[in-house]
Amino acid sequence: MITFPRDIFDSEHDLIRQTARRFCEQEIAPHHDAWEKTGVVPRSAWLKAGELGLLCMGMPVEYGGGGFDFRASALLIEELMRIGASGPGFALHSDIVAPYLLHHGSEAIRRRWLPPMARGEVVAAIAMTEPGTGSDLRAISTRAIREGDEYIISGSKTFITNGQSADFVVVVARTADTTNQSGLSLIIVEADRPGFRRGRKLEKIGMKAQDTSELFFDDVRVPVSNLVGQEHHGLHHLMSELPQERLIIAIQAVSATRAILEHTVEFTRNRKIFGKTTFDFQNTRFVLARASAQLEVIQVFVDRCIALHVAGRLDATMAATAKMTATEMQNKLIDDCLQLHGGYGYMWEYPVARAWADARAQRIYGGANEVMTELIARQL
Ligand SMILES: Cc1cc2nc3c(=O)[nH]c(=O)nc-3n(C[C@H](O)[C@H](O)[C@H](O)COP(=O)(O)OP(=O)(O)OC[C@H]3O[C@@H](n4cnc5c(N)ncnc54)[C@H](O)[C@@H]3O)c2cc1C
């Protein structure tokens, strides 16, 4: 397949990619099927990733991180999707939660959590979504009431990535009754606090090795020093980090689609019906050619977004554009690829079936694509 030159990476990145690829092929791919059955990625995989320096690559060296810019993280994200590994919640841990701690947490919070996160000894989660609200963060009802030097947290969260594995959760809770932008705060809850309870590991249609869970908080007491950022300014902090989260989803979309397109070219070249391969049908070649062309266009665009992000210039609208466009392409092209597999495409043992199921969540989380269109429309 053609690939446009990707000049956002340099020779240092080649080494990181090699390490990430070897790790994915040796430590993830052979076990992913089994993890889909247990519904969780074991701690040993986190520790191995940490040992190889693949976690928290974007965190400064002084906090145990790799000291790289976002491109290093992008490489691991791409390599995981290349092998269809939607189970490990590494990106959420390293590139979504860790930046909240680095950019908004106190020095004590950074020193306590970032080094063990980089080693894979501690797993992180972030809990925004509740049974009653997801897209509308202003409607969050989990409460954190201040009493002396403590917050008392009560409420419930759902759909939380790393929910069973997490050693701590950054909880988005209401600290003041207002309907405007303020009133929410980000507060760390350690998993061993009395009153913290993990609920069900949710049965999903895809991403089956990912321990997406319900979490409950029954009057959990945490010290006020667990506050990340400014009290009542949680929404503002969330907004400042969302472009990176959306860019991650766009990168996953492009890499997953590329992998499935390659699988499909190979499959159709080998599948013989009516005395020829399915690749020989003009329809198959045209579908794959169009898919390849669309993928290249989006890859170039997402690479441009990565470069802008590294330069500190990726804004909310650009990130929303990348997330929406890349995930819509992913869902459409992987569905087209599944069709070209015939019945085999519907069988779980084929990568295209898993990728098809995994892709569906991409249009929902990180802000539903309808919310992305709203964000883009506001700029028109
Ligand atoms: C696999 C998976 C992992 C997840 N991991 C996490 C996690 O780690 N932490 C976390 O906090 N959450 C997580 N989520 C939750 C995710 O962020 C929410 O599902 C998402 O924000 C949508 O919220 P909702 O499900 O409550 O849907 P709702 O908010 O009820 O929205 C339902 C639908 O309404 C429509 N809609 C919503 N808003 C608008 C609008 N403004 N304009 C037009 N239409 C609209 C869209 O079609 C949307 O899909 C995860 C979800 C999944 C599926």
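The values are calculated or read from the model by the stated rules, or taken from the named source; none is laboratory data. Quick caveat: nothing in here was measured; it's all calculated off a predicted structure. Backbone-built Cβ (ideal geometry, glycine too); neighbour counts: all protein chains shown.
Some notes on this structure:
- Residues in the stretch 90-119 that are crowded, with 24+ Cβ neighbours inside 10 Å and aromatic (Phe, Trp, Tyr): 90, 113.
This table checks each residue for (1) in contact with a Cys (Cβ under 7 Å, 6 or more places away or on another chain); (2) modelled with pLDDT of 95 or more.
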site: 102; (1), (2): no, yes
site: 117; (1), (2): yes, yes
site: 132; (1), (2): no, yes
site: 138; (1), (2): no, no
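- Single unsatisfied condition, residue 178 versus (1) among the hydroxyl-bearing types (Ser, Thr, Tyr); (2) at pLDDT 95 or above; (3) over 22 Å from residue 54 (Cβ atoms): (2)
Each row is one residue, and each column tells you yes or no for (1) in a helix (DSSP H, G or I); (2) under 26 Å from residue 71 (Cα atoms); (3) in contact with a helix residue (DSSP H, G or I) (Cβ under 9 Å, 6 or more places away or on another chain); (4) in contact (Cβ under 8 Å) with a residue 40 or more places away in the chain.
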residue	(1), (2), (3), (4)
301	yes, yes, yes, no
305	yes, yes, yes, yes
321	yes, yes, yes, yes
325	yes, yes, yes, yes
335	yes, no, yes, no
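- Scanning the stretch 258-292 for residues that are among the hydroxyl-bearing types (Ser, Thr, Tyr) and in contact (Cβ under 8 Å) with a residue 60 or more places away in the chain, we see that the one that is farthest from residue 332 (Cα to Cα) is 278.
- From the options 160, 153, 187, residue that is in contact (Cβ under 8 Å) with a residue 60 or more places away in the chain and crowded, with 19+ Cβ neighbours inside 10 Å: 153
- Within the stretch 41-67, the set of residues being surrounded by fewer than 19 Cβ atoms within 10 Å (Cβ to Cβ), hydrophobic (A, V, I, L, M, F, W, C) and not in a helix (DSSP H, G or I) comprises just one member, 52.
- Filter pass, residue 322 being away from the ligand (no atom under 16 Å from the Cβ), closer than 23 Å to residue 259 by Cβ and either over 23 Å from the mean Cα position of the chain (by Cα) or not polar (S, T, N, Q) (or both): yes
- Members of the stretch 129-152 found to be more than 15 Å from the ligand (Cβ to nearest atom) and outside any loop (DSSP other than H, G, I, E, B), listed by number: 143, 144, 145, 146, 147, 150, 151, 152
- Criterion violated by residue 155 - all others in (1) assigned to a loop (DSSP other than H, G, I, E, B); (2) within 15 Å of the ligand (Cβ to nearest atom); (3) farther than 28 Å from residue 86 by Cα satisfied: (1)
- Among residues that are farther than 30 Å from residue 185 by Cβ and among the charged types (D, E, K, R), residue 290 is included.
- Among (1) more than 15 Å from the ligand (Cβ to nearest atom); (2) assigned to a helix (DSSP H, G or I), the one test that residue 314 misses: (2)
- Flag if residue 166 is modelled with pLDDT of 95 or more, closer than 16 Å to residue 92 by Cα, crowded, with 17+ Cβ neighbours inside 10 Å and within 16 Å of the ligand (Cβ to nearest atom): yes
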